[in-house]
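Q: Sharing a structure below in structure tokens format, with a few things to ask.
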């Protein structure tokens, strides 16, 4: 069994793209490949089927506890990966998220520096996700704030094309 530990994302200097190589490395397991409609939990069991495909590879960092007690949620930017893929990548940012009044942050990992399009896509997706989760929480009679609190980058996104 993997021993879990709580960890904060270390700050990384953002003075140049060269600092990308200093970002902390984290092992993740892919639970939802990009483009998938099926959400599986860390046990591999089907949690639900989405009406829309997931625009990112989504998984967890099994060795790190999230603040909700589950393995830390992880978003892996880049091309679609396979269910169950294990990889170690640098942490380039974090999606700050609240679910039912509890912190439910998601670390962002990438094999390449993030782009302005990654930033925009994450903000749009998790803004809509927060709306959908609020509706589900109301239907389940669950209370507490559910919202996107922001996207923070440890490595700045590459500039938008001019």
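We did not get these values from a lab; they are worked out from the coordinates using the rules stated. Values in this document were obtained by computation on a predicted structure and should not be read as measured data. Reconstructed Cβ throughout: ideal geometry from the backbone, glycine too, with neighbour counts over all protein chains shown.
Q: What is the spin-label model distance, in nm, from residue 103 to residue 39 if the labels are put 7 Å beyond Cα along the C-beta direction?
A: My value for the distance between the label points is 2.2 nm.
Q: Can you tell me the FRET efficiency between residue 145 and residue 82 if r is taken as the Cβ-Cβ distance and R0 is 41 Å, rounded to the nearest 0.05?
A: 0.75
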